[in-house]
Amino acid sequence: MPKNSHLWGRVVVEELFPEHFSWQQPDTPKPTFHQGKEPGPGYRLNHRGMAECQSCGTLEKATISWPEDAYWQWNIDGYELVARNREHAQMILAYLRERKRAPNRKPALRHIPTAMLTKQLAPVVQNRVERALEQA
């Protein structure tokens, strides 16, 4: 299991910023995840995060609106792709470059729209991500 990970039922939860947001397991009988402002018990995804100052690199706790607040965003042929940070964008790019991609993707790669992995669209996505990484 990766460092800073916890088992919640059959789900592995990885803490991205454990020093700022330590994992608190929700009081639910089974792992339940919510997007956006969905009500109910469980864990709300992409609600808390870190904002990085572009000039000094300082990180601050922040309430985020995902994916609208993502710095790394691409809309290609109507499909949205977002990355948490530069490292995540590089991980996505490495996955796109693989000849034989594992069908069982890491959690950080599960939200790549399937259409972006096709022979027709993957090269376009790869080029856009590469250009964004070069320019930043």
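The values are calculated or read from the model by the stated rules, or taken from the named source; none is laboratory data. Please read these numbers as outputs of a predicted model, since none were measured by experiment. So basically every Cβ, Gly included, is an ideal-geometry build from the backbone, and we count neighbours across all protein chains shown. Side chains included, ligands, DNA and RNA excluded: accessible areas come from the protein's heavy atoms. Shrake-Rupley method; radii C 1.70, N 1.55, O 1.52, S 1.80 Å.
Annotations
- Spatial separation of Cα centroids for the stretch 74-92 and the stretch 8-47, in angstrom: 22 Å
- For the chain, a simple Cβ point-charge model (Lys and Arg +1, Asp and Glu -1, everything else neutral) yields a dipole of about 640 debye relative to the Cα centre.
- Matching label, Cα extents along the principal axes in Å computed from the structure shown, candidates [x] 54, 31, 30; [y] 64, 30, 30; [z] 44, 38, 29: [z]
- The residues V12, V129, sorted by heavy-atom accessible surface at 1.4 Å with ligands and nucleic acids left out, run V12, V129 from largest to smallest.
- DSSP finds beta bridges in the chain, and of those with both partners inside it, around 90 percent are antiparallel.
- For the chain: accessible area per residue (Å², 1.4 Å): 72 Å²
- Degrees between helix 86-97 axis and first principal axis of the chain (Cα, 0 to 90, nearest 10): 50 degrees
- Helix axis angle, 122-135 relative to the chain longest principal axis, alpha carbon, degrees: 80 degrees
- Within the accessible area of the stretch 11-136 (1.4 Å probe), percent carbon and sulfur: 48 percent
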